[in-house]
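The values are calculated or read from the model by the stated rules, or taken from the named source; none is laboratory data. Because the structure is a prediction, the values reported are computed rather than measured. Virtual Cβ from ideal backbone geometry, glycine too; neighbours counted across all protein chains shown.
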């Protein structure tokens, strides 16, 4: 749970990376969002810690840095702090950051099915009202303000095609921490505009 810190971008990046690490190595690892919050501010990534950021810059840092620390070594604090990365406590490394064609939901679905969970950023202005079901709101904009992880997709008998989206607001929110968002509805909420994943 990100708490009052606007670190959704770090949770989105870590959520995707932990999943891809497991897919590649069959080893579960808990990685440090705080490492990203503290160490990607300013040049050359220009994230803003608890004031916001981009998952792609977080993963670029992990690639360039030669790794990301474990959460046990570098636990989440929910506030900006000095960078305390330690190369002796690396939890995962990546070789590249892959960007999916912007706005292409078919390409996104293929990546989810064949590669694994995908980091995305969306217009989440309606999330505060969400309780359950498929969020289908044509007025949802293409201006993004929140980053999450797509874990899968499916079709609901009532709500139609959806993306299964993992949020970072705790398990008491939505459907046990998840939200189902409309799929194949003209890139609703910009769901496929900023889709990336790491190569572990």
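Okay, here's what the table says:
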| read-out | value |
| --- | --- |
| Which listed residue, of 1, 88, is out of contact with any helix residue (DSSP H, G or I) (no Cβ under 6 Å at 6 or more places or on another chain), without any contact (Cβ under 8 Å) to a residue 12 or more places away in the chain and not assigned by TED's automatic domain parsing to the domain that holds residue 165 | 88 |
| Of all residues making up segment 141-156, the number that are touching a residue at least 40 places away in the same chain (Cβ under 8 Å) and within 14 Å of the chain's Cα centre (by Cα) | 8 |
| Residue match in segment 106-122 (condition: over 18 Å from residue 150 (Cβ atoms) and in contact with a helix residue (DSSP H, G or I) (Cβ under 8 Å, 6 or more places away or on another chain)) | no |
| Count of segment 1-51 residues which are assigned to a loop (DSSP other than H, G, I, E, B) and buried (at least 22 other Cβ atoms within 10 Å of the Cβ) | 3 |
| Segment 63-107, subset under 30 Å from residue 184 (Cα atoms) and in a loop (DSSP other than H, G, I, E, B), residue nearest to the chain's Cα centre (by Cα) | 100 |
| Some residue of segment 59-69 being free of Cβ contacts under 8 Å to residues at least 24 places away in the same chain and farther than 17 Å from residue 166 by Cα | yes |
| Scope segment 28-47; condition farther than 15 Å from residue 63 by Cα and in contact with a strand residue (DSSP E or B) (Cβ under 9 Å, 6 or more places away or on another chain); matching residues | 29, 30, 34, 37, 41, 47 |
| Residues located in segment 108-156, provided they are part of a helix (DSSP H, G or I) and crowded, with 17+ Cβ neighbours inside 10 Å | 108, 109, 111, 112, 127 |
| Residue in segment 180-194 that is free of Cβ contacts under 8 Å to residues at least 40 places away in the same chain and crowded, with 17+ Cβ neighbours inside 10 Å present | no |
| Top-ranked residue in segment 157-200 [being within 12 Å of the chain's Cα centre (by Cα) and outside any loop (DSSP other than H, G, I, E, B); ranked as nearest to residue 66 (Cα to Cα)] | 198 |
